[in-house]
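Peer 1: Submitted below is the structure of interest, expressed as structure tokens.
The values are calculated or read from the model by the stated rules, or taken from the named source; none is laboratory data. Keep in mind that this is a model prediction, so the values were computed, not measured. Quick reminder, even Gly has a Cβ in these numbers, built from the backbone with ideal geometry, and neighbours come from all protein chains shown.
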Amino acid sequence: MSQTRPVQVIAVTGGKGGVGKTNISVNLSVALAQLGRRVVLLDADLGLANVDVLLGIQARHTLADVLAGQCQLRDVLVAGPAGIRIVPASSGVPQMAGLSTQEHAALIHEFSDLGGQMDVLVVDTAAGISDTVVSFVRASQEVLVVVCDEPSSITDAYALIKLLNTEHKLFRFRVVANMTRSNQEGQHLFNKLNKVCERYLDVSLQYAGHVPFDEQVRKAVQRQTALLEFSPRCKAAQALRSLAQKVDEWPLPNAPRGHLEFFVERLLDSAHAGY
């Protein structure tokens, strides 16, 4: 593996809360690790962290300590299931939810030191369309939008895509339908969102698949265990492994896009190396 191999950076987002973004982020990370990838999961809900809660992890340090200059990013990494490493955020720290553009940039730049230690960075964003969400999504190469069968989910996903497209010139989005009752329902949700995006925006939406509603998900959450370890053969776990296989085949970035990005130095190096 070349030292300058680009890191695959995937933002998992969706606009609306409650669509299962964190569950998908955690289990996608675990599934990618099970495929042999070195995975870091960033809890990018800076003010209301929940990855550590979902996995029952006690974090000694968080991103708030990094921004305060009390430790470095590598000091906050926590071991998670299947060998993934987690960057925990803080909970109930109001100033973390309202960082300045410079603070977002500093945080994104901090990851450059870890580039050689990972193949994939999964970014679990907060709900909504705050500056924090936009900063982290723009700095990622892939945007995975999570939707579920609620009118507000489609409306909020569209609002997020519209903002990222019209204000920040993002054009490509992947969509995963969560908590579906059937494959047809997932495809229908994607078609609904795609139709309105095609009509009003200059974007390309690609269907990444669906994760079925599964009672095992709730049980895994109650046990504070990743679904893929709690019930590896359940339908939702199988769908998440299938999603991870697709993600693993997405092309790696081959050049920077001209704005603030994770691991931009590696992108420059890999562009020169001919990736």
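Peer 1: Give me a count of the residues in the range 129-147 that are part of a loop (DSSP other than H, G, I, E, B) and either basic (Lys, Arg) or in contact with a Lys or Arg (Cβ under 8 Å, 6 or more places away or on another chain) (or both).
Peer 2: Matching residues across the range 129-147 total 0.
Peer 1: When you go through VAL19, VAL30 one by one, which is the residue that is within 27 Å of LEU193 (Cβ to Cβ), among the β-branched types (Val, Ile, Thr) and assigned to a loop (DSSP other than H, G, I, E, B)?
Peer 2: Answer to the check: VAL19.
Peer 1: Identify all residues within the range 255-267 that are outside any helix (DSSP H, G or I) and either small (Gly, Ala, Ser) or in contact with a helix residue (DSSP H, G or I) (Cβ under 6 Å, 6 or more places away or on another chain) (or both); write none if there are none.
Peer 2: ALA255, PRO256, GLY258, LEU260, PHE262, PHE263
Peer 1: While we're looking at this one, here's another question. Take the range 82-127 and flag every residue that is under 19 Å from GLY56 (Cα atoms), surrounded by fewer than 19 Cβ atoms within 10 Å (Cβ to Cβ) and either under 17 Å from the mean Cα position of the chain (by Cα) or touching a residue at least 60 places away in the same chain (Cβ under 8 Å) (or both).
Peer 2: Passing the criteria: only ALA82.
Conditions (1) surrounded by fewer than 22 Cβ atoms within 10 Å (Cβ to Cβ); (2) in contact with a strand residue (DSSP E or B) (Cβ under 8 Å, 6 or more places away or on another chain); (3) among the aromatic types (Phe, Trp, Tyr); (4) not in a helix (DSSP H, G or I), marked per residue:
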| site | (1), (2), (3), (4) |
| --- | --- |
| ASP149 | yes, yes, no, yes |
| THR155 | yes, no, no, no |
| TYR158 | yes, no, yes, no |
| PHE173 | no, yes, yes, yes |
| ASN191 | yes, no, no, no |
| CYS197 | yes, yes, no, no |
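Peer 1: Name the pairs whose Cβ atoms lie under 6 Å apart, with the first residue in the range 47-59 and of a type outside the set (A, V, I, L, M), the second buried (at least 20 other Cβ atoms within 10 Å of the Cβ), and 6 or more positions between them or separate chains?
Peer 2: GLY47/MET96; ASN50/THR22; ASP52/ALA59; ASP52/PRO88
Peer 1: Residue under question is ALA226, and the condition is that it be among the hydrophobic types (A, V, I, L, M, F, W, C) and surrounded by 15 or more Cβ atoms within 10 Å (Cβ to Cβ); does it hold?
Peer 2: When the stated conditions are applied, ALA226 passes them.
Peer 1: A further question follows. Go through (1) touching a His at 6+ places or on another chain (Cβ under 6 Å); (2) assigned to a helix (DSSP H, G or I) and name the single condition ALA177 misses.
Peer 2: That leaves (2) as the condition not met.
Table: residues versus (1) surrounded by 14 or more Cβ atoms within 10 Å (Cβ to Cβ); (2) touching a residue at least 12 places away in the same chain (Cβ under 8 Å); (3) aromatic (Phe, Trp, Tyr).
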{"position": "VAL176", "(1), (2), (3)": "yes, yes, no"}
{"position": "ASN194", "(1), (2), (3)": "yes, yes, no"}
{"position": "LEU201", "(1), (2), (3)": "yes, yes, no"}
{"position": "GLU215", "(1), (2), (3)": "no, no, no"}
{"position": "ALA220", "(1), (2), (3)": "yes, no, no"}
{"position": "ARG241", "(1), (2), (3)": "yes, yes, no"}
{"position": "GLN245", "(1), (2), (3)": "no, yes, no"}
{"position": "PRO253", "(1), (2), (3)": "yes, yes, no"}
{"position": "GLY258", "(1), (2), (3)": "no, no, no"}
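Peer 1: Right, something else. Given the conditions (1) within 28 Å of ALA159 (Cα to Cα); (2) touching a Gly at 6+ places or on another chain (Cβ under 8 Å); (3) at pLDDT 90 or above, and given that ASP124 satisfies all but one, which numbered condition is not satisfied?
Peer 2: (2)
Peer 1: Name the residues in the range 51-60 that are buried (at least 18 other Cβ atoms within 10 Å of the Cβ) and either touching a helix residue (DSSP H, G or I) at 6+ places or on another chain (Cβ under 9 Å) or of a type in the set (Ser, Thr, Tyr) (or both), would you?
Peer 2: Scanning the range 51-60 gives VAL51, LEU54, LEU55, ALA59.
Peer 1: Let me ask you something else. Suppose we filter GLN238, GLN224, GLN216 for residues that are among the polar types (S, T, N, Q), over 28 Å from GLN141 (Cβ atoms) and assigned to a helix (DSSP H, G or I); which single one remains?
Peer 2: GLN216
Peer 1: Let me ask something else about it. Check the range 91-99 and report whether any residue there is polar (S, T, N, Q) and assigned to a loop (DSSP other than H, G, I, E, B).
Peer 2: No, that holds for no residue.
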